[in-house]
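> The structure that follows is given in the form of structure tokens.
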Amino acid sequence: MNLIITDNYEEMSQEGAKMILRKILSSKQINLGLATGSTPLGLYKELVKYVRENNINLSGVATFNLDEYIGILPTHQGSFHYYMEKNVFGPLNIPENQRFIPDGMAENILNECRNYEKKIQQYGGIDFQLLGVGENGHIGFNEPGTDFTKTTHVVELTETTRQANKKFFGQVEDVPGKAITMGISTILRAREILLIANGVHKAEAIYQLFHGEYSKDWPVTALQKHKNVCVIVDQEAASLLIKQNNLCY
């Protein structure tokens, strides 16, 4: 794994956005796996700025989101459809036929999981996957205990994860208890992975990624088996690595 430690969140966001931009510019066609939540917001803001300033053509870009809540409409302000429209799709003018997010309102959720997995495969797989990481080490919505062989599936969200996402809903009681998420097996099939993290509350997860046992207790450790992972973190998220002087990657 390649580790980049930046001074702060802003620099982390800029470095991540530049990396994605380079991938877009170097490919006629690219499938991006995209994440939501608080961590990527700065990256998306920087990416929008770079694309607009340089009038970059995105006609060869297809996007696949990691996850979506079950049981809320795409227009709900807490949904990832809404998040992506507001922060990415709208500002970048990405057409609807180039962007894909699991349908949390599908009549048959299990069929939706299977169909989403098939759609990714039909497009040739994910070329570049953006990830965040939860305090408990979850990637996507793959909570601790998730089997690493899982493809796109339904997951019950832990109280920790629901608390972390209540800012998008107002109160934790309104955060859905279930979601559709790409499985860890799906994520690991991406040709290249970028994980970003900031804040001291992510330090333990980052430490486990680099020095923990490969274990379902920390889903992020699944990335240890991938051959092409870059991790960009700020000083606080890297604090346990710095403390242990374990910075040679």
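The values are calculated or read from the model by the stated rules, or taken from the named source; none is laboratory data. Only a predicted model underlies this, so the values are computations on that prediction, with no experimental measurement involved. Cβ atoms come from the backbone with ideal geometry, glycine included; neighbour counts cover every protein chain shown. For the accessible areas, the whole protein counts, side chains as well, though only heavy atoms, and no ligand, DNA or RNA atoms are used. Shrake-Rupley method; radii C 1.70, N 1.55, O 1.52, S 1.80 Å.
> Given the C-alpha centroids of the stretch 93-124 and the stretch 182-238, what is the distance between them in whole angstrom?
Between the Cα centre of the stretch 93-124 and that of the stretch 182-238, the gap is 25 Å.
> Report, by chain and number, residues whose modeled amide H sits under 5 Å from the one on GLN129, excluding near sequence neighbours (fewer than 5 apart, same chain).
For GLN129, the qualifying residues are GLY33, GLU192, ILE193, LEU194.
> So how strong a dipole does the stretch 7-186 carry about its Cα centre when Lys and Arg Cβ are +1 and Asp and Glu Cβ are -1, to the nearest 20 debye?
In total the dipole reaches around 580 debye.
> Below 15 Å, Cα to Cα, which aspartates and glutamates can LYS225 reach? Residues fewer than 8 away in the same chain don't count.
Straight-distance partners of LYS225: ASP147, GLU192, GLU213.
> Here's a follow-up. Counting only heavy atoms of the protein chains, get the accessible area per residue of the stretch 81-212 (1.4 Å probe) and round it to a whole Å² value.
Ligands and nucleic acids excluded, the figure is 43 Å² per residue.
> Counting DSSP beta bridges in the chain, what percent are antiparallel, to the nearest 5?
DSSP beta bridges in the chain are roughly 25 percent antiparallel.
> At 20 °C and 1.002 mPa s, what whole-number value in µm²/s does Stokes-Einstein give for the translational diffusion of the stretch 28-124, with Rh from the Kirkwood sum over Cα pairs?
Estimated via Stokes-Einstein, D reaches 151 µm²/s.
> Something else about it: Need one number: nm distance between label points at ALA106 and ILE242, each 7 Å from Cα along Cα→Cβ, rounded to one decimal.
4.3
> Of the accessible area of the chain, with the probe set at 1.4 angstrom, what percent is carbon plus sulfur?
About 46 percent, which is the carbon plus sulfur part of the accessible surface.
> Once the Cα gyration tensor of the stretch 7-186 is diagonalised, what are the square roots of 5 times its eigenvalues, in whole Å and ordered largest first, as equivalent ellipsoid semi-axes?
Gyration-tensor ellipsoid for the stretch 7-186: 25, 19, 16 Å.
> If each DSSP helix of 4+ residues adds -39,500 (n - 2.57) and the sum is divided by the residues in the chain, what number results at 222 nm, nearest 500 deg cm²/dmol?
Dividing the helical sum by the residues of the chain leaves -8500 deg cm²/dmol.
> Ok, one more. How charged is the neighbourhood of ASP127? Take every other residue with its Cβ under 9 Å from the Cβ of ASP127, and add Lys/Arg as +1 and Asp/Glu as -1.
Within the 9 Å Cβ shell, the charges total +1.
> Here is a follow-up. Which links in LYS167/LYS202; LYS28/LYS86; LYS119/LYS167; LYS167/LYS243; LYS23/LYS150 stretch past 29 Å when you go from one Cα to the other?
Exceeds cut-off: LYS119/LYS167; LYS167/LYS243.
> Compute the signed sum of charges (Lys and Arg +1, Asp and Glu -1) over the other residues within less than 9 Å, Cβ to Cβ, of PRO144.
Combined, the nearby Lys, Arg, Asp and Glu give -1.
> If you keep only loop residues by DSSP, which trypsin sites (Lys or Arg not before Pro) in the stretch 169-249 have at most 12 other Cβ atoms within 10 Å of their Cβ?
Here the sparse-neighbourhood loop sites are LYS227.
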